Amino acid sequence: MKTICTNKKAYHDFHIDEKFEVGIALTGTEVKSLREGRANLKESYARIKNGELFLVNAHISPYSCGNIYNHEPKRTRKLLMHRREIDKLVGKVKERGFTLVPLSLYFNKRNKAKMELALAKGKTLYDKRESIKKKDEKRVAEREARIR
């Protein structure tokens with residue numbers, strides 16, 4: 001599994017509840033650009049429309065050797081997932097206030113582009129401060145353990 005990019009901000013801004021592996025419908029120049037590692041998931045999210053799953057606002061840079069048939073960088077891309085799984089997500093997103101957040105983009109063993117999608121709930125400002133405090137305490141404890 002070769003990781004292309006990760007959404008580090010997602011772990012800071014959301015409580016991750018469940019993770020799913022989904023496929024992505026891409027054009028040829030998008031795949032070539034991903035092989036160069038030129039993607040960004042920072043402000044992206046997934047949306048369900050008419051029983052289908054779409055990735056919105058993900059940035060895949062145009063292919064460097066592309067011509068006039070290059071893709072648009074922030075176009076909406078279709079995510080591939082089983083119908084039953086999408087139906088489960090619809091219920092959770094509507095009822096409980098969950099959000100679909102992309103965590104990482106990677107190539108699996110068979111060289112297919114896949115995405116790790118999370119069902120997440122937004123953190124409050126207090127929760128964010130608490131997680132930063134825990135990280136700092138853990139870092140200090142590890143530093144002291146190394147010194148000893």
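The values are calculated or read from the model by the stated rules, or taken from the named source; none is laboratory data. The structure displayed is predicted, hence computed values, not measured ones. All Cβ positions, glycine included, derive from the backbone under ideal geometry; neighbour counts span all protein chains shown.
Taken over region 1-55, residues that are surrounded by 14 or more Cβ atoms within 10 Å (Cβ to Cβ), among the polar types (S, T, N, Q) and more than 14 Å from SER104 (Cα to Cα) amount to 3.
Every residue, every condition in (1) closer than 28 Å to GLY97 by Cβ; (2) among the hydrophobic types (A, V, I, L, M, F, W, C); (3) not in a strand (DSSP E or B), yes or no:
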position: CYS5; (1), (2), (3): yes, yes, no
position: ALA10; (1), (2), (3): yes, yes, yes
position: LEU26; (1), (2), (3): no, yes, yes
position: GLU43; (1), (2), (3): yes, no, yes
position: LEU53; (1), (2), (3): yes, yes, no
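Yes/no matrix, rows are residues, columns are (1) of a type in the set (Lys, Arg); (2) under 18 Å from LYS42 (Cβ atoms):
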position: ASN67; (1), (2): no, no
position: LEU79; (1), (2): no, yes
position: GLU85; (1), (2): no, no
position: LYS109; (1), (2): yes, no
position: LYS138; (1), (2): yes, no
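The condition (being in contact with a Cys (Cβ under 9 Å, 6 or more places away or on another chain), assigned to a loop (DSSP other than H, G, I, E, B) and not aliphatic (A, V, I, L, M)) is satisfied by just one residue among GLY66, GLY37: GLY37. No other residue among ALA145, ALA141, ALA118, ALA58 is in contact with a helix residue (DSSP H, G or I) (Cβ under 9 Å, 6 or more places away or on another chain), modelled with pLDDT of 85 or more and not polar (S, T, N, Q) apart from ALA118.
Among the conditions (1) under 17 Å from VAL22 (Cα atoms); (2) exposed (fewer than 11 other Cβ atoms within 10 Å of the Cβ), ASN108 misses just one, which is (2). When residues of region 27-86 are filtered for being without any contact (Cβ under 8 Å) to a residue 24 or more places away in the chain and among the β-branched types (Val, Ile, Thr), how many remain? The number of residues fulfilling the criteria is 3.
Given the residues LYS92, LYS121, which is the only one that is more than 13 Å from the chain's Cα centre (by Cα), in contact (Cβ under 8 Å) with a residue 60 or more places away in the chain and not in a loop (DSSP other than H, G, I, E, B)?
Details: LYS92 fails: in contact (Cβ under 8 Å) with a residue 60 or more places away in the chain.
Exactly one of LYS92, LYS121 is more than 13 Å from the chain's Cα centre (by Cα), in contact (Cβ under 8 Å) with a residue 60 or more places away in the chain and not in a loop (DSSP other than H, G, I, E, B), namely LYS121.
Taken over region 69-89, the criterion of being over 16 Å from the mean Cα position of the chain (by Cα), part of a loop (DSSP other than H, G, I, E, B) and at pLDDT 90 or above is satisfied by HIS82 alone. From the set of residues in region 15-49 that are under 12 Å from the mean Cα position of the chain (by Cα) and of a type in the set (A, V, I, L, M, F, W, C), which is farthest from LYS128 (Cα to Cα)? Selected residue: ILE24.
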